[in-house]
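S.K.: Shown below is the structure under consideration.
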(Lines give C-alpha, C1' and ligand atoms only; values in the text may rest on other atoms or scores of the structure.)
Protein backbone atom coordinates (compact mmCIF):
# COMPACT_ATOMS: atom_id res chain seq x y z
CA UNK A 1 0.00 0.00 0.00
CA UNK A 2 1.42 3.38 -1.02
CA UNK A 3 1.95 6.07 1.58
CA UNK A 4 0.15 9.33 1.11
CA UNK A 5 2.34 12.32 0.44
CA UNK A 6 2.65 14.88 3.19
CA UNK A 7 1.06 18.27 2.60
CA UNK A 8 3.45 21.14 3.19
CA UNK A 9 2.15 24.39 4.67
CA UNK A 10 3.92 27.75 4.55
CA UNK A 11 4.31 29.80 7.71
CA UNK A 12 1.66 32.24 6.41
CA UNK A 13 -0.76 29.35 5.86
CA UNK A 14 -0.11 27.99 9.36
CA UNK A 15 -0.63 31.42 10.88
CA UNK A 16 -3.90 31.84 8.95
CA UNK A 17 -5.21 28.52 10.28
CA UNK A 18 -4.15 29.36 13.82
CA UNK A 19 -5.74 32.81 13.79
CA UNK A 20 -9.02 31.54 12.30
CA UNK A 21 -9.46 28.33 14.28
CA UNK A 22 -12.81 29.49 15.69
CA UNK A 23 -14.44 29.18 12.25
CA UNK A 24 -16.26 25.98 11.35
CA UNK A 25 -13.97 23.55 9.55
CA UNK A 26 -15.88 23.95 6.30
CA UNK A 27 -15.75 27.77 6.46
CA UNK A 28 -12.05 27.61 7.34
CA UNK A 29 -11.36 25.23 4.45
CA UNK A 30 -13.22 27.43 1.97
CA UNK A 31 -11.49 30.61 3.19
CA UNK A 32 -8.07 28.92 3.21
CA UNK A 33 -8.41 27.52 -0.32
CA UNK A 34 -9.63 30.84 -1.69
CA UNK A 35 -6.94 32.90 0.00
CA UNK A 36 -4.01 30.65 -0.87
CA UNK A 37 -5.19 29.17 -4.18
CA UNK A 38 -5.12 25.64 -2.81
CA UNK A 39 -7.57 22.76 -3.19
CA UNK A 40 -7.39 21.02 0.18
CA UNK A 41 -10.26 19.04 1.67
CA UNK A 42 -12.00 19.70 4.95
CA UNK A 43 -10.30 16.54 6.23
CA UNK A 44 -6.85 17.95 5.35
CA UNK A 45 -7.56 21.18 7.23
CA UNK A 46 -9.09 19.35 10.20
CA UNK A 47 -6.06 17.07 10.47
CA UNK A 48 -3.70 20.04 10.35
CA UNK A 49 -5.66 21.79 13.10
CA UNK A 50 -5.65 18.68 15.28
CA UNK A 51 -1.91 18.13 14.84
CA UNK A 52 -1.11 21.73 15.73
CA UNK A 53 -3.80 22.37 18.31
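S.K.: Against the condition surrounded by 11 or more Cβ atoms within 10 Å (Cβ to Cβ), at pLDDT below 95 and touching a helix residue (DSSP H, G or I) at 6+ places or on another chain (Cβ under 6 Å), how does residue 52 come out, does it pass?
M.R.: It is false that residue 52 is surrounded by 11 or more Cβ atoms within 10 Å (Cβ to Cβ), at pLDDT below 95 and touching a helix residue (DSSP H, G or I) at 6+ places or on another chain (Cβ under 6 Å).
S.K.: Follow-up. For the range 36-49, what are the residues that are farther than 14 Å from residue 26 by Cβ and surrounded by 11 or more Cβ atoms within 10 Å (Cβ to Cβ)?
M.R.: Selection gives 36, 38, 47, 48.
S.K.: Let me ask another. Is there any pair with a first residue in the range 14-30 that is over 11 Å from residue 49 (Cβ atoms) and a second that is surrounded by 12 or more Cβ atoms within 10 Å (Cβ to Cβ) whose Cβ atoms are under 7 Å apart and which are 6 or more apart or on different chains, and what are they?
M.R.: 16/32; 16/35; 26/42
The values are calculated or read from the model by the stated rules, or taken from the named source; none is laboratory data. Keep in mind that this is a model prediction, so the values were computed, not measured. Cβ atoms come from the backbone with ideal geometry, glycine included; neighbour counts cover every protein chain shown.
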